[in-house]
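J.: Sharing a structure, written as structure tokens. Questions coming.
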Amino acid sequence: MIYLSRAPGPPLDRYVAAVWHCEMEEKPVALERVLPTGTAGLIVNLKEDRTRTYDAEAGYRCEELASGIVLCGTASRFAVIDTAEQERVAGVVFRPGGAAAFFRMPARETADSHVPLDLIWGRRARGRSWTCSSGRLRRWPRRG
């Protein structure tokens, strides 16, 4: 497993605590709990353009099939993740209140949830292509 995390420099460091990247070998599908951290984050699934969420109160039923880029609001309870989705992921950990610089919606609207980025940014999110090449996340304008 490779896990890299870096604190950004100014001026981004006012809003973002860390930018991270994780790669691991393929695992059989299993569900794992992630404890709440009290911070909002952005997660990018670099392997596939989807993210599954699971409802622990409904027998871990797959509740949502969203885009591969999600805003994770501050959490008051654990979340359930699918280990098969964790092979190549990257993300951002926002400082308290830092997400407000990038997302205009109130934090209470994203609390305890995972919101697909295209639902927040609309055409701006769909007008970009997010790719992983040589272990680096790059954003390229989409053509055509």
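Taken together, the values in this text are just the output of simple stated rules run on the coordinates, not laboratory data. None of the values given here were measured: they were computed from a predicted structure. Positions of Cβ are backbone-derived with ideal geometry, glycine not excepted, and every protein chain shown enters the neighbour counts.
J.: Count neighbours as other Cβ atoms within 10 Å of each site's Cβ, and list the trypsin sites (Lys or Arg not before Pro) in the range 39-78 that are DSSP loop with at most 12 such neighbours.
T.: Arg77
J.: Let me ask another. Collect residues whose amide H, placed 1.01 Å from N in the peptide plane, falls under 5 Å from the amide H of Lys27; neighbours closer than 5 in sequence don't count.
T.: Amide H neighbours of Lys27, under 5 Å, 5+ apart: none.
J.: What's the local net charge at Ala17, with K and R +1, D and E -1, over the other residues with C-beta under 14 Å away?
T.: Net of charged neighbours comes to +2.
J.: Can you give the extra length, in nm with one decimal, that the chain gains between Glu48 and Val29 once fully stretched, where that is 0.36 nm per residue apart less the Cα-Cα distance?
T.: Here the answer is 5.4 nm.
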